[in-house]
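This report refers to the structure that appears directly beneath it.
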Amino acid sequence: MATAAASAVLLAATACGGSSSSGSGTSSAPAVSGSATSGTITWWASPITTSGSDPRTVLIKKFEKAYPKIHVNLQSAPTDTDTNRSSLITTISGGATSPDVYMGDVIWPGQFGKAGLAAPLSKYLPKSYFSQFAPGLAQGATYNGQVYGAPFFEDEGFLYYRKDLLAKEHMKVPTTWQQLESEASTLTKKKDAKYGYVWEGDSYEGLTCDFMEYLGSAGGTVLNSGMNGSTLNSAAGKKALSFMQSLITSGASPKAVTTMQEPQAMSAFASGQSAFLRNWDYGYSYANTASSPSKVVGKVGVAPLPGFAGGTSPGTSTIGGWNLYINPHSKHVAADLTFIKWMTGATAEKTLATQFSEIPTLQSVRTSSGVVSSNPVLAAAAKTRLIPRPAGTPQYAKVSQAIYTNVNSALTGSAQPGPALSSASSAINSAVSSSGSGL
Amino acid sequence: MASSSHDAFRRRQARLGWALSAPALTVIAAVTIFPICYAIAMSVSNVSATGSGFSLNGLTGNNYSIMFNAPQWRYALFFTVLYTVVTVAIEVALGTAIALVLERLTWARGWMMALMLIPWSMITVINAQLWGYIYNPTYGVLDDIFSRLGLGAPVILGTKVPAIMALMGADVWKTTPFVVIIVLAGLVMIPRDYYEAAAVDGAGGWTIFWKITFPQLRPTIALAVLFRVLQAFGLFDLPFVLTNGGPGDSTQSLAILAYNAMFRDLDFGPGAAVATSTALLVVIGCLVFLKVFRAQAGTEES
């Protein structure tokens, strides 16, 4: 009986694939529900971790054990997210039927949904599927009422600190930004470390992520609720940007942070040059793994990011991480859905969390005691306040560029916070209003 | 009569030649001429990118008006022109000087050439990564030198003017050898008699250079400048790797601007307008340069 149902589903899938409808098309039959048991699909995914065994192949092997007749080909994607995105855009808009499933950034749903580069998953999967994830994740993958991405693993900003240095100077783990700033400057003045606090200040997407955390802690937002106007040039915006600037001018952070991306900040911390670090989930295992080039193994602690004094603590952490999307031209939608459901299911999520210390998206796995106790990062993750980037607009790429170029200008000292914010604000307004077409 | 049969033969030969090269020409047309024409068409159309490809809906001048009104475009144009003029000038002056030295060498010339070809033969992205290590503000060798000299720890790629100079330095390091090779080829073509005659007339080194070597090298240098301008104007990989257009957008070249508009923002119309106008500008620039250069050569000869 099961096989009969499966073959009926497969027939529907081929019929659907044959019409090669784009994401905005309505001809796709919602009968496909992800219960296919055979077929070959291609999964496009960039490397998830750089050390140890490859989580992608580990998961594929487990999946193929559960569904022996579905074969998954792994196509390794570029590690640089922007290059990854442009490769996908050219491939899919060219009508390619492969890859069938791709791993994409959590900020893509707006742009990809609007351009029809991803199939709307909510047409195939019930509401109950999406409600299993941690609050905000499915909503973050939604554009225009449709969910485009299945939350695969989550990421967020953390504060990493040197336990040994804090103990030596009898300092506490900072819970406010101001405390972090003063401890970082003290540690550099006492020559305990070359740098106090390193983070991602280069002119790129990572700076938008960092800025959002200060902005969120200060109570500010980037876009209004209609997603058609900037709310950035506010008192909260000025508070956030002035504070980031003061980190550099006070000596808590080196001037070099304005050229740092994740790897540079990570290596400054792991080589023992910096006392504090803001980085993603991988920072803990990187700094604490003896096989990595880290010189601070066993001396690293992790905490939620601080908030502003007088505000809520902990502060806000920007949501990062990856979703699984379906190529709208895929000819194996039923098998794609089977794969996605398994990859976002309890077995895969638990493997990602306990074996590779990625933050799981399923609420039940996130809060299970086995996962929380397996890793201090996952324990810290349970306490953070998450904040999304304003990616609900298809013009997010431009909004983010307006933020990071202007914030970077302010950090390098070539602009004051006020003018930098008003310039960012007007660039955001011209991006999200009207057609949004521009340079 | 003999000549007309000869003509007929040549025509037949020409036809055969075209027929034989037709397959290759078709491939070239498909992979270069079609995309160029398509980009031009995109730049004057309302483009919408969808999951099933691009659709061009009607003619419009909007893409170009967006471009002309964008301060980013004006800055990118200024930056690209400045970058091209400065790097090409330095490379040609330095390359010519090195070629003059190399020409005097005997057995060492081959070795020196081989050494100089290393930077040029390296892929620009790798070259850029290497310079990235040198310029790195936390462990870069250049910052180490600066701090040992007591000049502090500048953040080279994070400060506007030093970032631009750093890109130029990496470019000069990589492409000066290219100019050296072209100029050296021109140098060895100059007949020895000219120099002997000048020496007999009692001309000094500078006089010989300006009266004989340089005028004879003119076409070669023009060629080197043309090649370099074409390449420098399309500046992409160095800033893409080293600065990503930053700090702010101070190293955003026209090519980076077009790439970002097309592949990051999916604004294919305005992006195509930037790409098309960049190509047009560099062609016009080269034609003007050739004209001026030829005109000057003409007046000097007469």
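The values are calculated or read from the model by the stated rules, or taken from the named source; none is laboratory data. Everything numeric here is computed off the predicted structure, so don't read it as measured data. Using ideal geometry, Cβ is built from the backbone for each residue, glycine included, and neighbour counts are taken over all protein chains shown.
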(message) Need pairs with beta-carbon distance below 7 Å; first residue facing another protein chain (nearest Cβ under 9 Å) and within segment B:66-84, second in a helix (DSSP H, G or I) and surrounded by fewer than 20 Cβ atoms within 10 Å (Cβ to Cβ); sequence gap 6+ or separate chains.
(response) B:Met67/B:Ser277
(message) With the requirement that a residue be crowded, with 23+ Cβ neighbours inside 10 Å and under 20 Å from B:Ile156 (Cβ atoms), what does segment A:242-258 give you?
(response) A:Ser253, A:Pro254, A:Ala256, A:Val257, A:Thr258
(message) Being within 14 Å of chain A (Cβ to nearest Cβ), touching a Lys or Arg at 6+ places or on another chain (Cβ under 9 Å) and over 30 Å from B:Trp210 (Cα atoms) is true for just one of B:Ala153, B:Ala163. Which residue is that?
(response) B:Ala153
(request) Please enumerate the residues belonging to segment B:265-292 that are crowded, with 19+ Cβ neighbours inside 10 Å, of a type outside the set (A, V, I, L, M, F, W, C) and in a helix (DSSP H, G or I). (result) B:Gly269, B:Pro270, B:Gly271, B:Thr276, B:Ser277, B:Thr278
(request) Could you please tell me which pairs satisfy a Cβ distance under 9 Å, a separation of 6+ or placement on different chains, a first residue in segment B:20-32 that is not assigned by TED's automatic domain parsing to the domain that holds B:Thr276, and a second residue that is loosely packed, with under 11 Cβ neighbours inside 10 Å and part of a helix (DSSP H, G or I)? (result) B:Leu25/B:Trp18
(request) Tally the residues that are crowded, with 24+ Cβ neighbours inside 10 Å and more than 8 Å from chain B (Cβ to nearest Cβ), restricting the search to segment A:412-430. (result) 4
(request) Return only the number of the condition from (1) in contact with a Leu (Cβ under 7 Å, 6 or more places away or on another chain); (2) within 14 Å of chain A (Cβ to nearest Cβ) that B:Met112 does not satisfy. (result) (2)
(request) Go through the residues of segment A:259-273 one by one and say whether even a single one is facing chain B (nearest Cβ under 9 Å), among the β-branched types (Val, Ile, Thr) and surrounded by 17 or more Cβ atoms within 10 Å (Cβ to Cβ). (result) yes
(request) Could you please give the count of residues in segment B:251-270 that are at the interface with chain A (Cβ under 8 Å from one of its Cβ atoms) and among the small types (Gly, Ala, Ser)? (result) 2
(request) Taking B:Val47 as the residue in question, decide whether it is closer than 26 Å to B:Phe178 by Cα, surrounded by 10 or more Cβ atoms within 10 Å (Cβ to Cβ) and either in contact with a strand residue (DSSP E or B) (Cβ under 6 Å, 6 or more places away or on another chain) or more than 14 Å from chain A (Cβ to nearest Cβ) (or both). (result) no
(message) Quick check on my filter: what residues within segment A:118-129 are over 19 Å from the mean Cα position of the chain (by Cα) and assigned to a loop (DSSP other than H, G, I, E, B)?
(response) A:Ala119, A:Pro120, A:Tyr124, A:Leu125, A:Pro126
(request) Could you tell me whether segment B:15-26 includes any residue that is surrounded by 10 or more Cβ atoms within 10 Å (Cβ to Cβ), touching a Leu at 6+ places or on another chain (Cβ under 7 Å) and either more than 11 Å from chain A (Cβ to nearest Cβ) or not in a helix (DSSP H, G or I) (or both)? (result) no
(request) Answer yes or no as to whether A:Gly283 is more than 14 Å from chain B (Cβ to nearest Cβ), more than 30 Å from A:Gly113 (Cβ to Cβ) and without any contact (Cβ under 8 Å) to a residue 40 or more places away in the chain. (result) no
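Residue-wise test of (1) part of a loop (DSSP other than H, G, I, E, B); (2) modelled with pLDDT under 90.
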| residue | (1), (2) |
| --- | --- |
| A:Ser291 | yes, yes |
| A:Ser294 | yes, yes |
| A:Gly301 | no, no |
| A:Gly310 | yes, yes |
| A:Thr318 | no, no |
| A:Asn323 | no, no |
| A:Phe339 | no, no |
| A:Gln355 | no, yes |
| A:Val365 | no, no |
(request) Starting from residues that are closer than 27 Å to B:Leu242 by Cβ and of a type in the set (A, V, I, L, M), keep the ones in segment A:203-217 and report whichever is surrounded by the most Cβ atoms within 10 Å (Cβ to Cβ). (result) A:Leu207
(request) Determine which single condition A:Thr221 fails, assuming it passes every other condition in (1) touching a Ser or Thr at 6+ places or on another chain (Cβ under 6 Å); (2) part of a helix (DSSP H, G or I); (3) surrounded by fewer than 18 Cβ atoms within 10 Å (Cβ to Cβ). (result) (2)
(request) Quickly run through segment A:130-140 and pick out the residues that are out of contact with any strand residue (DSSP E or B) (no Cβ under 8 Å at 6 or more places or on another chain) and either part of a helix (DSSP H, G or I) or buried (at least 23 other Cβ atoms within 10 Å of the Cβ) (or both). (result) A:Gln139
